[in-house]
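Q: Before we start, here is the structure in question, set down as structure tokens.
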Amino acid sequence: MALPSSASAARLRLLTVPALLLLLSSAALLVFLILPSLSPSSAPTSAHLCTCSPPSTHTTTTVTTTTTTASPAPVTTSPADVAWLKAQLASNSLLTGGTAASHDSWHRLRKGINPRTREQQLFDINRHHGISHYPDEEASNHTALPCPGELLVEEHHSNYGEPWAGGRDVFEFLANASTLTPTDQVLEIGCGTLRVGLHFIRYLDAGRFHCLERDELSLMAALRYELPAQGLLYKRPMIVRGEDMDFSKFGDTVMYDLIYASAVFLHIPDKLVWTGLERLAGKLRPQRGRIFVSHNIKFCSRLGGDECTRRLANLGLEYVGKHTHDSLLFNHYEIWFEFRRPKV
């Protein structure tokens with residue numbers, strides 16, 4: 001077969017180039033015409049276009065709510081707590097012993113604080129010395145709960161034979177010994193200025209703490225200072241002024257999980273103590289409920305062991321045992337006697 005001549009090859013190249021240009025132009029025109037039909041439009045361009053709306057979709061959202069109940073605060077100071085605090089004292093180079101080198105050296109530590117005794121502080125409060133204050137009378141100033149100066153300087157914290165901090169020791173012992181829970185009902189006979197009661201009120205649910213107290217000054221300190229100052233008014237404790245073991249204001253249906261008297265029965269005639277036990281025995285929850293009495297139970301021991309046991313049994317009570325507990329902050333221990341109601 002003969003190969004094409006050079007003139008024929010040139011003619012073929014001349015014919016091919018125009019054909020390719022035509023082909024590319026046709027393809028470009030076709031793409032230009034097709035692309036608009038493929039792009040979505042925001043509105044129909046003519047009457048014959050379909051105006052169908054897209055199918056509706058339904059989305060179901062499921063919300064899961066998790067309710068968590070906060071655990072009550074620990075009742076007892078743990079060994080780990082003690083170790084942590086000692087480490088903090090050491091890291092800050094603070095005293096760790098029970099006493100300072102001397103009284104004067106202790107007060108020399110109070111640099112720049114303008115130290116005041118309670119007597120000096122009371123003088124300043126009563127005369128508004130160094131205190132920004134409203135000049136109006138109490139009835140028209142901005143103080144919601146005017147409080148006597150003697151309470152503001154906490155004179156009542158010295159009304160006990162031991163430091164105020166001992167109240168926490170009593171709470172820890174009683175709460176543990178009675179396996180207390182926040183929903184339990186507690187009665188203190190003679191709660192005084194709430195040295196112990198504050199800790200129970202803080203731990204228990206609202207309205208679960210009852211107290212019978214006869215002393216006016218103690219009630220003033222408890223209601224006008226301690227509860228507001230500690231932010232515990234919302235706990236609504238029921239504190240009743242009364243004596244002669246009259247518990248009628250607490251209601252006929254209340255049942256107590258814990259009843260205690262701290263250094264109270266020492267100052268009450270034996271006959272009145274037995275009257276109180278008689279009135280409370282039926283209000284103590286059977287088996288689980290406990291009565292604790294501190295220091296001694298001479299109202300019982302003076303009768304003799306057999307007679308005391310018999311009288312307790314007649315009330316539906318029994319003696320459980322004697323306990324002691326140590327203080328966390330000072331060299332002291334306290335004795336408690338435990339009673340229970342074994343059955344209905």
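Q: So, with a 1.4 angstrom probe, what is the percent of accessible area on segment 303-344 that is carbon and sulfur?
A: Looking at segment 303-344 in its full context, I get 49 percent from C and S.
Q: Could I ask something else about it? So which aspartates and glutamates pass the test for K322, namely a Cα distance under 15 Å, with those fewer than 8 places away in the same chain ruled out?
A: E334, E338
Q: For every other residue with a beta carbon closer than 10 angstrom to the beta carbon of T179, add +1 if it is Lys or Arg and -1 if Asp or Glu, then tell me the sum.
A: 0
Q: Would you compute the Debye intensity of segment 206-314 from its alpha-carbon atoms alone, equal scatterers and no solvent, and pass along log10 I(q)/I(0) at q = 0.17 Å⁻¹ to two decimals?
A: -0.93
Q: Could you put I131, I189 in order of accessible surface area, largest first, with the 1.4 Å probe and the full protein assembly present?
A: Descending accessible area places them as I131, I189.
Q: Please report, in debye to the nearest 20, how large the charge dipole of segment 158-314 is about its Cα centre when each Lys and Arg carries +1 at its beta carbon and each Asp and Glu carries -1 there.
A: 240
Q: Given 0.36 nm per residue, what is the gain on full extension from D215 to H133 after removing their alpha carbon distance, in nm?
A: Extra length available between D215 and H133 comes to 26.3 nm.
Q: Give the calculated FRET efficiency between V75 and H103 to the nearest 0.05, with a Förster radius of 30 Å applied to their Cβ-Cβ distance.
A: Here the calculated transfer efficiency is 0.30.
Q: Straight-line reach from K249: which lysines have a Cα under 21 Å away, not including same-chain ones fewer than 8 places off?
A: K235, K283
Q: Further question on the same structure: Shape call for segment 150-248 from the C-alpha gyration tensor, a ≥ b ≥ c root eigenvalues: rounded (a/c under 1.5), prolate (a/b greater than b/c) or oblate?
A: rounded
The values are calculated or read from the model by the stated rules, or taken from the named source; none is laboratory data. Because the structure is predicted, anything quoted here is derived from the model rather than measured. Methodologically, a virtual Cβ is constructed for each residue, glycine included, from the backbone with ideal geometry; neighbour enumeration extends over all protein chains shown. Each accessible area value is taken on the protein alone, full model and side chains, heavy atoms only, with ligands, DNA and RNA left out. Shrake-Rupley method; radii C 1.70, N 1.55, O 1.52, S 1.80 Å.
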